Amino acid sequence: MKYMIVNVVTILLMFSPQVVAKTEVAIDDILQELSALESCESTSSCPQDLNNPRNSFYLLGEKISQQINRAIELQKNIGEHAEFVELGQFWYQYPNQLVQQAALSLLSPQTAKMSTGKVILRQFGNLRDASLVKMSLDELARYPELEQETFEVISGVLTSGSFSAAKAVAKNISVLLNEDNIASYQSLLTQLPPKSAKARFLSQSLNNYKIR
């Protein structure tokens, strides 16, 4: 497993010994399951759809997301800690929509951490799914310190990214807009093909911001 496994005992001292022990077991089980899924190709243990081998990749994604969802439920009970931060950051970079959405759902309730914002920015240009783009924009809105880097990544997606990603960004950009950057996004609009869907949606988002 590429993310660090840390001792959670000190994090859980406020709970009873029984709760601490049960939580440790649950976290360890999640991490072990994810580690096995990550290395399943080398152990020939990946889930398989014998009727349609192409589905095997998606079956693996479902298995991984199920384990991350277990971590989400656990986090609701015990709060955030380093295990969940590193787990979410690691799996957000995995090229499967379900896994990335689960990873974001694990990260979004946590305190905003610069390392998380930077992981999202590094991956953002590779996104294609509209719902995942929207979720990622909502998360990036929590990092005003990364506004310039965010604008540069967004500019790349809008000018040369995939059709679906660019359109999703243009439709949902309002969460990032403020008085300091509105002029920059207005200038970016002039660089887009005027009759394109992304230009139309970006124009609508900018106009909606101005009149609210």
If you go through the stretch 86-93 one residue at a time, do you hit one that is closer than 21 Å to K22 by Cβ, touching a residue at least 12 places away in the same chain (Cβ under 8 Å) and of a type in the set (D, E)? no
Restricting to the stretch 112-157, and then to whatever is aromatic (F, W, Y) and either within 22 Å of Q191 (Cβ to Cβ) or free of Cβ contacts under 8 Å to residues at least 12 places away in the same chain (or both), can you tell me which residue is most open to solvent (accessible area, probe 1.4 Å)? F151
Exception for A130 within (1) of a type in the set (A, V, I, L, M); (2) within 26 Å of A82 (Cα to Cα); (3) in contact with a Ser or Thr (Cβ under 8 Å, 6 or more places away or on another chain) falls at (2)
Do you know which residues across the stretch 103-117 are part of a helix (DSSP H, G or I) and over 25 Å from K198 (Cα atoms)? A103, S105, L106, L107, M114, S115, T116
Given the residues S35, S45, which is the only one that is surrounded by fewer than 19 Cβ atoms within 10 Å (Cβ to Cβ), farther than 30 Å from S155 by Cβ, free of Cβ contacts under 8 Å to residues at least 12 places away in the same chain and of a type outside the set (D, E)? S45
Out of L132, L121, L158, L137, report the one residue that is over 30 Å from G79 (Cβ atoms) and of a type outside the set (V, I, T). L158
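The values are calculated or read from the model by the stated rules, or taken from the named source; none is laboratory data. Because the structure is a prediction, the values reported are computed rather than measured. No Cβ is skipped: glycine too gets one built from the backbone with ideal geometry, and neighbour counts run over all protein chains shown. Just so you know, the surface numbers come from the protein's heavy atoms only, side chains and all, with ligands and any DNA or RNA stripped out. Shrake-Rupley method; radii C 1.70, N 1.55, O 1.52, S 1.80 Å.
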